[in-house]
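Here's the structure we're looking at; comments come further down.
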Amino acid sequence: PCAGPVESKNEAAMSELVPEPRQKPAVPMKPMGINANLLGYIGIDTIIEQMRKKTMKTGFDFNIMVVGQSGLGKSTLVNTLFKSQVSRKSSGWNREEKIPKTVEIKAIGHVIEEGGVKMKLTVIDTPGFGDQINNENCWEPIEKYINEQYEKFLKEEVNIARKKRIPDTRVHCCLYFISPTGHSLRPLDLEFMKHLSKVVNIIPVIAKADTMTLEEKTEFKQRVRKELEVNGIEFYPQKEFDEDLEDKTENDKIRQESMPFAVVGSDKEYQVNGKRVLGRKTPWGIIEVENLTHCEFALLRDFVIRTHLQDLKEVTHNIHYETYRAKRLNDNGGLPPMTVETEENHESNL
């Protein structure tokens, strides 16, 4: 009976010595990765649609130049490429008549619409290249024209009150027509491409490829590629501008197999197996322009329009135009020289 109160005293003393267990502080949770399941739909993927709508409203510009000997079908091929009469603007000329000879550098603008997409296409047709007896420096007018378009763009760009959208007349692509001799390139062809490859995207094309046999065509293409490589001439797509491995793989295939494209152009339609096709009529049958077993026109069209059109524009702006701009601003202390017209504009802007 005496032990009870003593034990209760001891227990009370023990409880004073042993502190009560404290609750652990709440550890903040690690932030979870943001994902669609956690937060729901944000709508980032609509950016592409926004860009599409904006570009659809403004439309697209594309300027293509054709250069080569007379009679190689430059004007005809451009008409075939865009399936419309884009190489001549004369209202008096129709499809059945022979295309008149080009006698001067002439830029012809057209608006082509397909599937709601508008493209302002400018075709720069050049007179027969190297047709004269003395062809010394005959590439100079063409080089001058290309540089004039860069100059025009630069002047608009350095204006104090410049336009929101500067009209783009720069040459994005130059189709260089090679005569289907089956032997080798003329020294004039090499000289032209050597000069012009530094200022514009050159795509070599073997014209009127139906004049060669399959063996001759394959051999001639290999010879042309070899001659361009030996002479250090770079054609589009240039190796150093491949952005990633996918681009490099795709462009290497084009450089090693397709270039230069052996093409046949025609703006006349014929009936073949109940279908209307663009082609050339010969005594032994019809050469179908868009048939890959007949010629490589379809490959050229896909390359220029369906896969590389935007890249042609970007290389023109980021490489060729930037090179011209840097040189021009460096030579003139930062600005193009003021003309009377630009001085008046400058004063009115102020």
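The values are calculated or read from the model by the stated rules, or taken from the named source; none is laboratory data. In this text the structure is predicted, and so the values were computed from the model without any measurement. Here the Cβ is made from the backbone with ideal geometry for all residues, glycine too, and neighbour counts use every protein chain on show. Just the protein is used for accessible areas: all its heavy atoms, side chains included, with ligands, DNA and RNA removed. Shrake-Rupley method; radii C 1.70, N 1.55, O 1.52, S 1.80 Å.
Taking only region 42-74 into account, find how many residues are surrounded by 11 or more Cβ atoms within 10 Å (Cβ to Cβ), over 20 Å from the mean Cα position of the chain (by Cα), assigned to a loop (DSSP other than H, G, I, E, B) and not polar (S, T, N, Q).
Total meeting the criteria: 3.
Could you check region 241-256 and list, in sequence order, the residues that are of a type in the set (S, T, N, Q) and either within 15 Å of Y176 (Cβ to Cβ) or open to solvent by 80 Å² or more (accessible area, probe 1.4 Å) (or both)? Before the answer, list the steps.
The first filter runs over region 241-256 and keeps only residues of a type in the set (S, T, N, Q), leaving 249, 251, 256.
T249, Q256 - these are the residues of region 241-256 that are of a type in the set (S, T, N, Q) and either within 15 Å of Y176 (Cβ to Cβ) or open to solvent by 80 Å² or more (accessible area, probe 1.4 Å) (or both).
Is there a residue being more than 24 Å from V315 (Cβ to Cβ) and either free of Cβ contacts under 8 Å to residues at least 60 places away in the same chain or touching a strand residue (DSSP E or B) at 6+ places or on another chain (Cβ under 7 Å) (or both) anywhere in region 166-181? Give the steps one after another, and end with the answer.
So the first thing to find is which residues in region 166-181 are more than 24 Å from V315 (Cβ to Cβ), and the list is 179-181.
If we keep only those that are either free of Cβ contacts under 8 Å to residues at least 60 places away in the same chain or touching a strand residue (DSSP E or B) at 6+ places or on another chain (Cβ under 7 Å) (or both) as well, we get 180-181.
Yes, region 166-181 has at least one match.
Restricting attention to region 257-275, does a residue exist that is open to solvent by 90 Å² or more (accessible area, probe 1.4 Å) and under 26 Å from the mean Cα position of the chain (by Cα)?
Looking only at region 257-275, we keep the residues that are open to solvent by 90 Å² or more (accessible area, probe 1.4 Å), and these are 257, 269, 271, 273, 275.
Restricting the remaining residues to those that are under 26 Å from the mean Cα position of the chain (by Cα) gives 257.
Yes, some residue in region 257-275 is open to solvent by 90 Å² or more (accessible area, probe 1.4 Å) and under 26 Å from the mean Cα position of the chain (by Cα).
Return the residue satisfying two criteria in turn: it lies in region 152-170 and is buried (at least 16 other Cβ atoms within 10 Å of the Cβ) and in contact with a Phe, Trp or Tyr (Cβ under 8 Å, 6 or more places away or on another chain), and of such residues it is farthest from S75 (Cα to Cα).
Filtering region 152-170 for residues buried (at least 16 other Cβ atoms within 10 Å of the Cβ) gives 153-155, 168-170.
Imposing the further condition that a residue be in contact with a Phe, Trp or Tyr (Cβ under 8 Å, 6 or more places away or on another chain) reduces the set to 153-154, 168-170.
On the way: F153: 27, L154: 30, D168: 22, T169: 19, R170: 20 Å.
Filtering region 152-170 for residues that are buried (at least 16 other Cβ atoms within 10 Å of the Cβ) and in contact with a Phe, Trp or Tyr (Cβ under 8 Å, 6 or more places away or on another chain), the one farthest from S75 (Cα to Cα) comes out as L154.
Determine which single condition P187 fails, assuming it passes every other condition in (1) open to solvent by 60 Å² or more (accessible area, probe 1.4 Å); (2) under 30 Å from K217 (Cα atoms); (3) touching a residue at least 24 places away in the same chain (Cβ under 8 Å).
(3)
What tally of residues in region 125-146 results from selecting those that are modelled with pLDDT of 90 or more and surrounded by fewer than 14 Cβ atoms within 10 Å (Cβ to Cβ)?
1
Rundown of residues vs (1) touching a residue at least 12 places away in the same chain (Cβ under 8 Å); (2) over 30 Å from Y150 (Cα atoms); (3) part of a helix (DSSP H, G or I), yes/no style:
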position	(1), (2), (3)
E219	yes, yes, yes
L228	yes, no, yes
T249	no, yes, yes
K253	no, yes, yes
E257	no, yes, yes
Q271	no, yes, no
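Does K281 qualify as being of a type in the set (D, E, K, R), part of a strand (DSSP E or B) and either farther than 25 Å from N318 by Cα or open to solvent by less than 90 Å² (accessible area, probe 1.4 Å) (or both)?
Judged against the criteria, K281 is a match.
Would you mind stating whether Q238 is out of contact with any Gly (no Cβ under 6 Å at 6 or more places or on another chain) and open to solvent by 80 Å² or more (accessible area, probe 1.4 Å)? Steps first, please.
Values: out of contact with any Gly (no Cβ under 6 Å at 6 or more places or on another chain): yes; open to solvent by 80 Å² or more (accessible area, probe 1.4 Å): no.
So Q238 fails the test.
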